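What follows is one structure encoded as structure tokens, with my remarks underneath.
The values are calculated or read from the model by the stated rules, or taken from the named source; none is laboratory data. What you see is a predicted model; the values in this text were computed from it and never measured. Cβ placement follows ideal geometry from the backbone for every residue including glycine, while neighbour counts extend to all protein chains displayed. To get the accessible areas, we keep the full protein, side chains included, count just its heavy atoms, and leave off ligands, DNA and RNA. Shrake-Rupley method; radii C 1.70, N 1.55, O 1.52, S 1.80 Å.
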2 protein chains.
Amino acid sequence: VKPTLELIATGNELLNGSVLNRHAQWLGSALGGIGWSLARESSIPDDESAILDAIRNAFTRVEVVILTGGLGPTSDDLSRDAAAKWAGRGIEMHQPSRQRVIEIYASRNKPLNNLVENHALVVEGAAVLDNREGLAPGEYLQQGNRHLFLLPGPPREFHAVMNDHVLPRLRQFGIGDAGRHHTFQILGLGESDVAARLDAQGLGRLGLDIAYCANPSQLFIRLHERAGHAMDYDRAVSIVRAALSDDLFSEDERPPALTILGLLNAHHMTLATAESCTGGLLGSMITAIPGSSATFLGGVIAYHNKIKVAAIDVADELILKHGAVSDEVARAMAGGVRARFGADVGVAITGVAGPGGGTKDKPVGLVHVAVSDRSRLLTQALRFGGDRAMIREASCMCALDLVRRLLRPL
Amino acid sequence: VKPTLELIATGNELLNGSVLNRHAQWLGSALGGIGWSLARESSIPDDESAILDAIRNAFTRVEVVILTGGLGPTSDDLSRDAAAKWAGRGIEMHQPSRQRVIEIYASRNKPLNNLVENHALVVEGAAVLDNREGLAPGEYLQQGNRHLFLLPGPPREFHAVMNDHVLPRLRQFGIGDAGRHHTFQILGLGESDVAARLDAQGLGRLGLDIAYCANPSQLFIRLHERAGHAMDYDRAVSIVRAALSDDLFSEDERPPALTILGLLNAHHMTLATAESCTGGLLGSMITAIPGSSATFLGGVIAYHNKIKVAAIDVADELILKHGAVSDEVARAMAGGVRARFGADVGVAITGVAGPGGGTKDKPVGLVHVAVSDRSRLLTQALRFGGDRAMIREASCMCALDLVRRLLRPL
């Protein structure tokens, strides 16, 4: 088996705007970890013939296909039927799964409704892959050298069955030769500018694969070694490291908040946040990291100006004189929350996230960030493009980068 | 032209886990607004022959295809080449676009790097669709009754070119007969339980399309009228409304925070938040809504217990006696932030988001939410499954639902 596969995601909700399909991203990342790669992803409607057609089509290109969604108990759950047709088999009740459904309902004191047992239907002769996170089990079907995995659609269940059953089986099929790869993460710089800076150092003339990938104010550069070009790969890593120098946030794909928490931890320092335009998004990014409570004390969402004054001691006059979106107020917010919360480091964000509220002097996208500890203060004025969500996300990235720059000189 | 189309998204980053592909969701929603539908989405790598193959394959099923990504200036941008091959044409420099690139760089005082003009390359004879948000324009190619749109990959640029050019052209091609549709939004209840409750009222026996779509603690029920079944559709809307009654959060797809801000606004009430385990996520959801500053004063991320005491006046003894994750502390947090911030309504969340920190009495997933105004207090103890992110998101949904329940009886 060649270590590549395709994903078919089923569900009208993936195509009519109701649901964001996150499976391809999760699967691509998980497969990368075992040297496999995702060759294609297709999202198709709840339509048995479209599903069957997609399965057959995918098997013209690869030997392993993962089909997700449509294993539920209702009439729009058709993946199991399409898979049965593909394999030329029928559908049967899987008694252990049925028993489990009944037990779960009993343990929750919920009455069994008349649909719920359908979760336990499977394709005849399928290897049943139990699903510790949900009611519908996964299934594995083999026809000659073609391998079809049926997985539940809800992300938590998809991940559980993938981790428990599918990834281990893929490892048994064979591990790909992934070559070396290295990631650089940069916050606050543009893709084209970074690319030009690196090309000026001759990066483009080396034999290796380079991928740039940009989120709002977050850029990843991924270098992949090509077979027979080990020296080029080594040189490229050195070139990027030297060219980016102080602008390099990290050399991994970890969430920036995780890196910052690690840095703070290494310095035995605690953190507090003061957010205006980001309204809790920075705190939310930090507390998304398990264990953040060891380092992060908390923060103030100082959205209304009176909260900036009352909760984190920003002087009224400062707001009157410079406006709430100003370097001066950002400094006062960072210092204020640090003092109030007894934290070692305070970080603050104030800006115009739009779409309304911009002026000629202070347009939408203008953001001030500030970071302070006992003795030092760093501030930065930023000017972002994009919509409200992008401006808010980019602001948090730049604030986290500023924390890194503060902690760097230890 | 039949009002249905396919989307092909290109980019290795969509398949290796680097980037979350949001185009299908956005496009599906935008198409729904003009009576069109997205029939399929495929994500494929930066590989010219794979792109060409995907274009040809899609045109066996539909007459309109949108190809996104791969219009940038670097060597892995291959969509334009694949499209040129499909159309049997060459590539040319589009001088107005080139001039614009040069002017944008001049206005930003950025030196032109040697790649950047490549943004202005287009397929010979393509209708150029200008891109107000970026450097690479969109393109429109017609071959007989086949229509291919090339769009830039970055979401902001994709949306701009779609809104400015592609959606208007699709409208010209024809508007679909969408039939009536109605959405119900429910927070905090499970899909299967709601479905069983509605089926018990005979919903399943009516002639209409029903789709259930669940996020953590957020469920949408979408009813679609079938041609010739107007009465069934009307009855279905009444059945759902009556069966869900007080549990119905809204009858639209709007973000719950937007609904809550509207309710507060109608009552001339302001809001403040106190968050422990969600760490700012609730504030972030609220402030994601433009104009939230009229109603939302701010909040405290009371992550460490000492912040619960110092910043929102939770009594030390309460935490000692009942623990930070308790009904009592949730009440005190809601009342505390309300008083401190001078808000009309205070809402609080405290829980065990995991993966660590759970005990037998207070397992991972246990969350207490509380809402209070001048005279009333509502609390709820919740027990969620899922991972840290799901528990946090579900907690915020239930907190917003509790605000709705507080405001309802006015």
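Working note: Debye formula, equal point scatterers on the alpha-carbon atoms of chain A, no solvent; log10 I(q)/I(0) at q = 0.10, 0.14 Å⁻¹ is -0.86, -1.14. Remark: the range B:1-50 carries a charge dipole of roughly 340 debye about the Cα centre, counting +1 on each Lys and Arg Cβ and -1 on each Asp and Glu Cβ. Once the Cα-Cα distance is subtracted from the 0.36 nm per residue extended length, the A:Asp193 to A:Ala266 segment shows a gain of 23.1 nm.
Once both labels are positioned 7 Å from their Cα atoms along Cα-to-Cβ, the gap between B:Arg205 and B:Glu63 label points is 4.2 nm. Considering only chain B, the C-beta nearest to the rotation axis that sends B to A is found at B:Gly280, 2, the distance in whole Å. Of all DSSP beta bridges located in chain B, what percent are antiparallel, nearest 5? Close to 60 percent. The mean count of C-beta atoms from other chains within 10 Å of the C-beta of residues in B:304-313, rounded to a whole number, is 5. Across the options A:Tyr303, A:Pro155, A:Ala39, the greatest Cα extent toward the positive end of the charge dipole of chain A (unit charges at beta carbon of Lys, Arg, Asp, Glu) belongs to A:Tyr303.
Rounded to a whole number, what % of the accessible area of the range B:230-285 do carbon and sulfur atoms account for, probe 1.4 Å? Of all accessible area on the range B:230-285, carbon and sulfur atoms account for 58 percent. Here the range A:68-193 has 46 percent of its accessible surface on carbon and sulfur atoms, given a 1.4 Å probe and all protein chains in place. Computed with a 1.4 Å probe over protein heavy atoms only, the accessible surface of chain A comes to 40 Å² per residue. Counting only Cα atoms, the range B:278-410 measures 41, 31, 26 Å along its principal axes, largest extent leading.
In the protein assembly as shown, the DSSP beta bridges split such that about 60 percent are antiparallel, to the nearest 5.
Inter-copy label distances for A:Arg408: 5.4 nm (label point placed 7 Å from Cα along Cα→Cβ; shortest first). Working from label points 7 Å from Cα in the Cα-to-Cβ sense, the A:Ser29 to B:Asp247 distance is 3.3 nm. Quick check on my link table: of A:Lys306/A:Lys360; A:Lys308/B:Lys360; A:Lys308/B:Lys362; A:Lys308/A:Lys362; A:Lys308/B:Lys306; B:Lys306/B:Lys360, which ones sit more than 29 Å apart, alpha carbon to alpha carbon? The pairs that break the limit, which is 29 Å between Cα atoms, are A:Lys308/B:Lys360; A:Lys308/B:Lys362. Chains A and B together bury roughly 5700 Å² of accessible area, counting both sides, with a 1.4 Å probe on protein heavy atoms only. Take each residue in B:209-216, count the other chain C-beta atoms within 10 Å of its C-beta, and the mean is 5.
Between B:Ser238 and A:Arg89, the distance separating the two model label sites (each 7 Å from Cα on the Cα→Cβ line) works out to 4.7 nm.
Each copy carries A:Arg56; placing its label point 7 Å along the C-beta direction from Cα gives inter-copy distances of 1.9 nm, listed from smallest up.
Relative to the globular-protein estimate of 2.2 N^0.38 Å, the Cα radius of gyration of the protein assembly as shown stands at 0.96. The charge dipole of chain A, taken about the Cα centre with unit charges on the Cβ atoms of Lys, Arg (+1) and Asp, Glu (-1), comes to about 820 debye, rounded to the nearest 20. Across the identical copies, the 7 Å label point of B:Asp252, projected outward along Cα→Cβ, sits 4.4 nm from its counterparts, in ascending order. Going from the chain on its own to the full set of protein chains, the range B:370-405 has these residues losing 20 Å² or more of accessible surface (heavy atoms, 1.4 Å probe, no ligands, DNA or RNA): B:Gly386, B:Arg388, B:Met390, B:Arg392. Relative to the Cα centre, the charge distribution of the protein assembly as shown, modelled as +1 at Lys and Arg Cβ and -1 at Asp and Glu Cβ, gives a dipole magnitude of about 1340 debye.
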